[in-house]
Amino acid sequence: KGGKDLLVYSFKILDGEEIFIKNSLILYMFDTLKWINTLDKFRIKKNKGLYYHGSTYFEKNSIKKLKEIIFCWKDLFNEATENFEIEVLLDQNKEEYYIENHNKKEVIESLEKLIDLSNSAKKENKEIKCTKRTIKLGNIK
């Protein structure tokens, strides 16, 4: 079958590059992303942060704020050990958690890619689309 499935959040500039950030990492940062004004896939409903289901769109000012929040998380993760664990809530109702291991270097790199993507979007005056999806582990990098 080749590779195991991995749940990620995909950030993408339309007709541009796409980067993936692991689901558990996004869930860990989820509450701080609610400080950003975002739009739903129809660009009608305004939201704070990411839609848990469906796509989220970041426009100009939102992209600036996304970049600043991700930048702070990058600094924070810089203080982590080489390998660290994140406890992720599996089911809000049952308060079940699972532990996911992360490599500091990989986490920093993925956040740097998101910062770069934000810079490109700002420069090209484009929005960023974020969608949760499953990818084969072989495709990540």
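The values are calculated or read from the model by the stated rules, or taken from the named source; none is laboratory data. Note that the coordinates shown come from a computational prediction; the quantities given were computed from them, not determined experimentally. Neighbour counts are summed over all protein chains in view; Cβ atoms, including those assigned to glycine, are modelled from backbone coordinates with ideal geometry. In case anyone asks, the SASA skips ligands and DNA or RNA and just uses the protein heavy atoms, side chains included. Shrake-Rupley method; radii C 1.70, N 1.55, O 1.52, S 1.80 Å.
For a quick protection proxy, order the peptides 30-36, 8-14 by their average other-Cβ count within 10 Å, most packed first.
Put in order of decreasing packing, that is 8-14, 30-36.
Quickly rank 100-108, 115-123 as a protection proxy: mean count of other C-beta atoms within 10 Å, highest first.
Per-residue Cβ counts within 10 Å, averaged per peptide and sorted highest first, yield 115-123, 100-108.
Which entries in Lys46/Lys129; Lys65/Lys123; Lys12/Lys126; Lys22/Lys129; Lys74/Lys113; Lys104/Lys129 show an alpha-carbon gap greater than 20 Å?
Lys104/Lys129
Return a whole-number percent for the relative contact order of the chain, with Cα pairs under 8 Å and 6 or more residues apart as the contact set.
37 percent
Give the accessible surface of the chain per residue, rounded to a whole number of Å², with probe radius 1.4 Å and ligands, DNA and RNA excluded.
Solvent-accessible surface per residue comes out at 62 Å².
How much accessible surface area, in Å² rounded to 10, belongs to the heavy atoms of Tyr51 with a 1.4 Å probe?
40 Å²
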